[in-house]
């Protein structure tokens with residue numbers, strides 16, 4: 001199956017994709033993860049991407065498309081994938097269609113205050129990358145990583161005012177992409193204001209109905 005996950009920052013796309021990956025082995029392709037990995041490795045692509053990230057600019061379409069095309073054409077994605085963080089623009093959506101045919105584009109939605117509450121409670125370990133949430137996944141010792149004992153931090157991107165601004169930008173920039181997939185008849189909207197297990201259950205039900213996965 002070839003899926004696209006669309007939704008504002010903090011809606012839970014990565015969580016849903018990882019849950020489906022664990023159950024069905026579908027590769028979770030996050031452009032953000034790919035870029036961070038390349039930057040950490042200091043590759044040619046990483047250095048190119050870093051120039052834009054450090055200036056707070058979006059990585060140009062041609063660079064993103066090149067990266068995604070390379071990943072989707074690799075053996076890892078021969079039986080399908082979940083794209084998270086791509087496409088972000090109408091051009092990217094159109095170019096993706098030239099690479100592969102998308103089965104379903106899932107649009108995850110929730111009120112902005114629900115997202116703010118989720119994200120502002122998030123704590124991250126700066127050493128090992130473990131993620132916690134003070135509401136539903138708190139560390140055993142407040143403020144300390146369970147895995148490596150490092151003091152946890154809240155990322156600047158997770159501050160409530162930043163989350164609201166990112167949500168506003170998402171609404172503006174993603175409208176053409178959403179309408180593009182709606183026009184193609186592959187867009188399905190999912191209520192993501194609920195617990196992640198219920199959201200993923202909805203996704204699974206739809207994929208089973210479409211014959212993309214077999215009920216287990």
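None of the figures in this text is laboratory data; all of them are computed from the coordinates on show. In this text, all values refer to a predicted model and were calculated from it rather than measured experimentally. Glycine also receives a Cβ, built like all others from the backbone with ideal geometry; neighbour counts cover every protein chain displayed.
Mean shadow of segment 105-158, computed from the convex hull of its alpha carbons, in nm²? Don't skip to the answer; put the middle values down first.
On the way: hull surface 18.6 nm².
The orientation-averaged projected area of the Cα hull of segment 105-158 comes to 4.7 nm².
Which one, 71, 186, 147, has the greatest fluctuation when you compute a Gaussian network model over the chain with C-alpha springs under 10 angstrom?
Judging by the Gaussian network model, the answer is 147.
Pull out the extension gain between residue 21 and residue 113, defined as 0.36 nm times the separation in residues minus the alpha carbon to alpha carbon distance; nm, one decimal. Could the numbers behind the result be given before it?
Details: separation 92, 0.36 × 92 = 33.12 nm, distance 2.82 nm.
Net length gain for the segment: 30.3 nm.
In whole Å and largest first, what semi-axes does the C-alpha gyration tensor of segment 1-129 yield when each eigenvalue is scaled by 5 and square-rooted?
Semi-axes, largest first: 22, 21, 16 Å.
Averaged over every viewing direction, what's the projected area of the C-alpha convex hull for segment 54-104? Give it in nm², one decimal, please. Provide the component values of the computation, followed by the final result.
Working: hull surface 16.2 nm².
Approximately 4.0 nm², given one-decimal rounding.
Tell me, what is a quarter of the convex hull surface for the C-alpha atoms of segment 72-172, in nm² with one decimal? Please report the intermediate quantities before stating the final value.
Details: hull surface 35.3 nm².
So the Cα hull casts an average projection of 8.8 nm².
If you build a Gaussian network model of the chain, linking Cα atoms that sit under 10 Å apart, which residue out of 182, 155, 118 swings the most?
155
Full-extension gain between residue 133 and residue 147, please, as 0.36 nm times their residue separation minus the C-alpha to C-alpha distance. Walk me through the numbers on the way to the answer.
On the way: separation 14, 0.36 × 14 = 5.04 nm, distance 1.47 nm.
Extra length from residue 133 to residue 147 when fully extended: 3.6 nm.
In Å, what Rg and Dmax follow from the Cα atoms of the chain?
Rg, Dmax (Cα atoms, Å): 17.5, 50.
Hey, what does the equivalent ellipsoid look like for segment 114-216, semi-axes from the Cα gyration tensor as sqrt of 5 times each eigenvalue, largest first, whole Å? Before the final figure, lay out the partial values.
Working: eigenvalues 204, 87, 24 Å².
They are 32, 21, 11 Å, listed largest first.
Would you please state which residues of segment 1-32 a label at residue 74 would reach in this model, taking the label point 7 Å out along Cα→Cβ and a backbone N cut-off of under 14 Å?
The answer is 27-32.
Between segment 185-216 and segment 1-68, what's the alpha-carbon centroid distance in Å?
When both Cα centres are located, 22 Å separates them.
For segment 3-72, what is the largest minus smallest coordinate of the Cα atoms on each principal axis, given in angstrom and ordered from greatest to least?
So the extents along the principal axes, rounded to whole Å, are 36, 24, 21.
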